[in-house]
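Worksheet: the structure to be examined is printed underneath.
The values are calculated or read from the model by the stated rules, or taken from the named source; none is laboratory data. These numbers come from a predicted model, not from an experiment. Glycine also receives a Cβ, built like all others from the backbone with ideal geometry; neighbour counts cover every protein chain displayed.
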Amino acid sequence: MSIKVESGKIIFKMYKVLARKYRPQNFDEVCGQKDIVEVIKRSIKFNKVAHAYLFAGPRGVGKTTIARIFAKCLNCVEGPALNPCNKCDSCIEITNSASLDVLEIDGASNRGIDEIRNIRENVNLLPAKSRFKIYIIDEVHMLTPEAFNALLKTLEEPPPYIKFFFATTAPEKIPLTIISRCQRFNLKPLKKDEVKNKIMEICGKENIEIEEKAIDEIYDFCEGSLRDAISLLEQLSVFSDEKIKHQDVRYLLGLPEEKSIEEILKNILDKNYTKSIENLHKLISDGKDPVLILEGIIKKVKDIVISKLDIEKIEIDEQLVKRFNNLKTEEIFEGIEYIVEFKSILRREREPVLFTEVLILKLLQLWGNNKKELKEEIKIEKKEENKIKKEEEITDEKKENMGTIFDFKEEKETEKNEKEGGQKIEEKKENKEFNWEEILKKVKRFRPTLEAALREGKLDRIEGENIYILFDSKYNFHKSMVENISNKIKIEKIIFDLTGKKYKIIPILNKNSKSIIENPEVKKIIEFFNGEIIKMEE
Ligand SMILES: [Zn+2]
């Protein structure tokens, strides 16, 4: 398994079992895109199939799936049929990507010059055994200008048995000369109900238990891409022991907890700069991406507006909604606009934390409670007054000396207090909640070999959220087993379930035992023979 983080989003690569298993094999199974499917069926029925089609739309909405089913319909032994039989040789070969007459080319992988040249050379050869020779070119916009030129020549006068199905996420990058020769279909992101129904259908068939709110979270993440939704579901089914909960989705995606977002909003409304910045820093030190934090705020505020305007019933902190009642809807939207604006800045800037802080200041100014502001202003005024009085009492010379000494002492003391207080709380929590044996027991229940591997290491120390596990060099294998990302995630999830806190497992090698060469006796022997170690055996 590999998880790739790309601009704040996790893209799952290896988990494709479910996606493959539930890939639609006929038009009736296609999720959404009903209008497009209807048009295609009609063209088959009335024998009006064009020679080139362009399927444009966001990722994971069914572009190549529809193209493949279309190809099957055209070449099916029973066809051209409105739905493929999925039993004949042609259908089976296309399903297995083994058809000699339906060729799939990935425009992104090598930008296609050689492939397109091949098409040009082979275009006059009849199909090997089917009715049509069909080229499905995915991400066609990635082709080089030379490849497009070559393609254009073929498109101008295609033999009747040649069909082109192009798929793209960026139709604007395709030359108009190509687009004008295609029948174009614009696929839309899938609707919430469409994705939800599909997810529930898969969960039913696979015996996966899932909370409805978790499906909502999956939909919010996948933004209408069914492929992303299914990949995420598959990840979650491995990650969660029993029922998949919405917290599991948030945890796996690195999304901030809803409560932390609500906390920030409350402090913004209170015009409490210090606390809202503290909230922000806490999330960032927990490893949350500022962009995802802002997205979390936007989503929460959107829910608040929906609730405030009584558009839809949603589960939300009523108190927080009430707090927003003091604000005009336009003011809320103005704030959202700021957040969106800052979100795009964050992607470009090198100091996302600083910019997020500035944004919070802006929101404080816009949304902060005015009454509170008055109180604070009075407080500040009083402080200023006192300061002036004090200053007047002290002579210039004294002021300089006392000022520096006094400030220095005060700073030191608060720092010390904070440190001591902080440590005490930390220790208490660890003693209370962190039970390594219990964690090992839970790991054992999940996978005994993993627990055995963990036991070969020693719980070395806990620093903040990092748990260091020390392994002797001879247990390198066990260390790598703990390091394996899916095992690591699992252990961290177990710890999270038991302690309610997010920890990171960091396996380390014991440096003292790192190499036998370090042993003074061995050193002597090596020196004596003036040699070197060429092989080590246990
Ligand atoms: Zn067939």
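Just name the residue that is nearest to residue 202 (Cα to Cα) out of those in the stretch 20-57 that are surrounded by fewer than 16 Cβ atoms within 10 Å (Cβ to Cβ) and touching a residue at least 24 places away in the same chain (Cβ under 8 Å). Step through it out loud before you land on a result.
So in the stretch 20-57, the residues surrounded by fewer than 16 Cβ atoms within 10 Å (Cβ to Cβ) come out as 20-21, 28-29, 34-35, 38-39, 42, 45-48, 50.
Remaining after also requiring touching a residue at least 24 places away in the same chain (Cβ under 8 Å): 28, 39, 45, 47, 50.
Values: 28: 16, 39: 28, 45: 31, 47: 35, 50: 35 Å.
It comes out as 28.
Against the conditions (1) within 25 Å of residue 31 (Cβ to Cβ); (2) free of Cβ contacts under 8 Å to residues at least 40 places away in the same chain; (3) buried (at least 16 other Cβ atoms within 10 Å of the Cβ), where does residue 63 fall short? Just the number, please.
Checking residue 63 against (1) within 25 Å of residue 31 (Cβ to Cβ); (2) free of Cβ contacts under 8 Å to residues at least 40 places away in the same chain; (3) buried (at least 16 other Cβ atoms within 10 Å of the Cβ), the one that fails is (2).
Every residue in the stretch 127-147 that is of a type in the set (D, E, K, R) and part of a loop (DSSP other than H, G, I, E, B), please.
First pass over the stretch 127-147, keeping only residues of a type in the set (D, E, K, R): 129, 131, 133, 138-139, 146.
Result: 129, 131, 139.
Identify all residues within the stretch 1-34 that are assigned to a loop (DSSP other than H, G, I, E, B) and modelled with pLDDT under 50; write none if there are none.
Selection gives 1, 2, 7, 8, 13, 14.
Among the residues of the stretch 201-213, how many are closer than 15 Å to residue 246 by Cβ and either at pLDDT 95 or above or not in a loop (DSSP other than H, G, I, E, B) (or both)?
Quick first cut of the stretch 201-213, residues closer than 15 Å to residue 246 by Cβ only: 203, 208-213.
Of the ones still in play, those that are also either at pLDDT 95 or above or not in a loop (DSSP other than H, G, I, E, B) (or both) are 203, 210, 212-213.
Of the residues in the stretch 201-213, 4 are closer than 15 Å to residue 246 by Cβ and either at pLDDT 95 or above or not in a loop (DSSP other than H, G, I, E, B) (or both).
Among the residues in the stretch 116-126, are any closer than 18 Å to residue 144 by Cα, away from the ligand (no atom under 12 Å from the Cβ) and not in a helix (DSSP H, G or I)?
The answer is no; no qualifying residue exists.
Out of 293, 277, I need the residue that is part of a helix (DSSP H, G or I), over 27 Å from residue 443 (Cα atoms) and touching a Pro at 6+ places or on another chain (Cβ under 9 Å). Which one?
293
This table checks each residue for (1) farther than 30 Å from residue 464 by Cα; (2) in contact with a strand residue (DSSP E or B) (Cβ under 9 Å, 6 or more places away or on another chain); (3) surrounded by 19 or more Cβ atoms within 10 Å (Cβ to Cβ); (4) not assigned by TED's automatic domain parsing to the domain that holds residue 342.
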{"site": "222", "(1), (2), (3), (4)": "yes, no, yes, yes"}
{"site": "234", "(1), (2), (3), (4)": "yes, yes, yes, yes"}
{"site": "245", "(1), (2), (3), (4)": "no, yes, no, yes"}
{"site": "248", "(1), (2), (3), (4)": "no, no, yes, yes"}
{"site": "272", "(1), (2), (3), (4)": "no, no, no, no"}
{"site": "279", "(1), (2), (3), (4)": "no, no, yes, no"}
{"site": "291", "(1), (2), (3), (4)": "no, no, no, no"}
{"site": "296", "(1), (2), (3), (4)": "no, no, yes, no"}
{"site": "311", "(1), (2), (3), (4)": "yes, no, no, no"}
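Scan the stretch 156-163 and tell me whether some residue there is part of a helix (DSSP H, G or I), at pLDDT below 90 and assigned by TED's automatic domain parsing to the domain that holds residue 76. Walk me through how you get there before you give the answer.
Step one: list which residues in the stretch 156-163 are part of a helix (DSSP H, G or I), which gives 156.
Those left that are additionally at pLDDT below 90: 156.
Add one more test, that the residue is assigned by TED's automatic domain parsing to the domain that holds residue 76, and what stays is 156.
Scanning the stretch 156-163 turns up at least one residue that is part of a helix (DSSP H, G or I), at pLDDT below 90 and assigned by TED's automatic domain parsing to the domain that holds residue 76.
Out of the stretch 463-476, which residues are under 26 Å from residue 238 (Cα atoms) and over 30 Å from the mean Cα position of the chain (by Cα)?
476
Check the stretch 148-155 and report whether any residue there is among the charged types (D, E, K, R) and assigned to a loop (DSSP other than H, G, I, E, B). Quick ask: steps written out before the conclusion?
First, pick out the residues of the stretch 148-155 that are among the charged types (D, E, K, R): 153.
Among the residues that remain, those that are also assigned to a loop (DSSP other than H, G, I, E, B) are: none.
No, because not a single residue in the stretch 148-155 is among the charged types (D, E, K, R) and assigned to a loop (DSSP other than H, G, I, E, B).
Need pairs with beta-carbon distance below 6 Å; first residue modelled with pLDDT of 85 or more and within the stretch 316-343, second of a type in the set (Ser, Thr, Tyr) and surrounded by 12 or more Cβ atoms within 10 Å (Cβ to Cβ); sequence gap 6+ or separate chains.
Within 6 Å, the pairs are 321/307.
Under 6 Å by Cβ, and 6 or more places apart or on different chains, what pairs join a residue from the stretch 83-103 that is near the ligand (Cβ under 9 Å from one of its atoms) with one that is among the small types (Gly, Ala, Ser) and in a loop (DSSP other than H, G, I, E, B)?
Sorted first by the residue in the stretch 83-103, then by its partner, the pairs are 90/130.
Restrict the check to the stretch 143-159 and report whether at least one residue is in contact (Cβ under 8 Å) with a residue 12 or more places away in the chain and under 17 Å from residue 57 (Cα atoms).
no
Just one of (1) modelled with pLDDT of 80 or more; (2) at positive phi trips up residue 455, so point out which.
(2)
For the stretch 253-274, how many residues meet the condition of being not in a helix (DSSP H, G or I) and not aliphatic (A, V, I, L, M)?
As a first pass, look at the stretch 253-274 and keep what is not in a helix (DSSP H, G or I): 254-257, 270-272.
This time we only want the ones that are not aliphatic (A, V, I, L, M), so: 254, 256-257, 270-272.
Residues meeting the conditions: 6.
Considering only the stretch 46-82, state which residues are closer than 20 Å to residue 125 by Cα, of a type in the set (S, T, N, Q) and either assigned to a loop (DSSP other than H, G, I, E, B) or away from the ligand (no atom under 16 Å from the Cβ) (or both).
Answer for the stretch 46-82, where residues must be closer than 20 Å to residue 125 by Cα, of a type in the set (S, T, N, Q) and either assigned to a loop (DSSP other than H, G, I, E, B) or away from the ligand (no atom under 16 Å from the Cβ) (or both): there is none.
For the stretch 244-251, check the following and say yes or no: at least one residue is farther than 28 Å from residue 286 by Cα and touching a Leu at 6+ places or on another chain (Cβ under 8 Å).
Checked the stretch 244-251: no residue is farther than 28 Å from residue 286 by Cα and touching a Leu at 6+ places or on another chain (Cβ under 8 Å).
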